[in-house]
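The values are calculated or read from the model by the stated rules, or taken from the named source; none is laboratory data. The model shown is predicted, which means the values in this text are computed figures rather than measured ones. No Cβ is skipped: glycine too gets one built from the backbone with ideal geometry, and neighbour counts run over all protein chains shown. Side chains included, ligands, DNA and RNA excluded: accessible areas come from the protein's heavy atoms. Shrake-Rupley method; radii C 1.70, N 1.55, O 1.52, S 1.80 Å.
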Amino acid sequence: MKTMYELIGGEERVRAVLQSLYDKLFEDPIVGFLFQPFDKQHIVETQLPFTCKFLGGPHEYAGRPLPEVHTKLPLLPGHFDRRHKLLEQTLEEQGVPEEVRRVWLRIDQSLRPSILAAGEDARDKTREP
């Protein structure tokens, strides 16, 4: 049985999806401001092993834990939802097999609580005297 990583076509296909997604995110009028201060290519290259690993690839993610990465961003639920919607659109546009799309979107959604908790902490810190 093939892994989701194999079904999508391996590292280069995952990279192409991530590149397309972050191109959209950086230009998006709703969430773009959250991404624009950062290096897009660095984000793509950091996300690549993380995404490949959860799709069953042979990669190891050596980056910081996701809540820590998002700890300074005042994320709201709508920000996460918009990113998730753009991911869904990108996966479809890139012709990612439906089974892989379902798994990827499910995993992405499972990260919602920890990412939003980090965003809440960031918002709380901006309110402290």
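A few remarks follow.
- 10 Å Cβ shell holding at most 15 others, DSSP loop, trypsin sites (Lys or Arg not before Pro): longest site-free stretch of the chain: 3-71
- With a Förster radius of 30 Å applied to the C-beta separation of residue 114 and residue 16, the computed FRET efficiency comes to 0.65.
- q = 0.14, 0.16 Å⁻¹: log10 I(q)/I(0) that the Debye formula gives for the range 1-114, counting C-alpha atoms only: -0.55, -0.73
- Shown here: the range 71-120, whose C-alpha atoms stretch 34, 16, 14 Å along the first, second and third principal axes, sorted largest to smallest.
- Nearest 10 degrees, 0 to 90: helix 98-110 Cα axis against the chain principal axis: 20
- When the GluC sites (Glu not before Pro) in the range 29-82 are filtered for DSSP coil states and for at most 11 other beta-carbon atoms within 10 Å of their beta-carbon, the remaining sites are 60.
- Figure note: 11, 92 ranked by solvent-accessible area, largest first, 1.4 Å probe, ligands and nucleic acids not counted: 92, 11.
- Of the residues 17, 69, 103, the one with the largest accessible area comes first in the ranking 69, 103, 17, computed with a 1.4 Å probe on protein heavy atoms.
- Using the empirical formula 2.2 N^0.38 Å as the baseline, the Cα radius of gyration of the range 1-49 reaches a ratio of 1.31.
- Principal-axis tilt of helix 40-54 within the chain, Cα atoms, nearest 10 degrees: 60
- Cα long-axis angle, helix 77-93 against the chain (0 to 90 degrees, to the nearest 10): 20
- Choice from 18, 73, 91 showing the highest fluctuation, given a GNM over the chain with Cα pairs closer than 10 Å: 73
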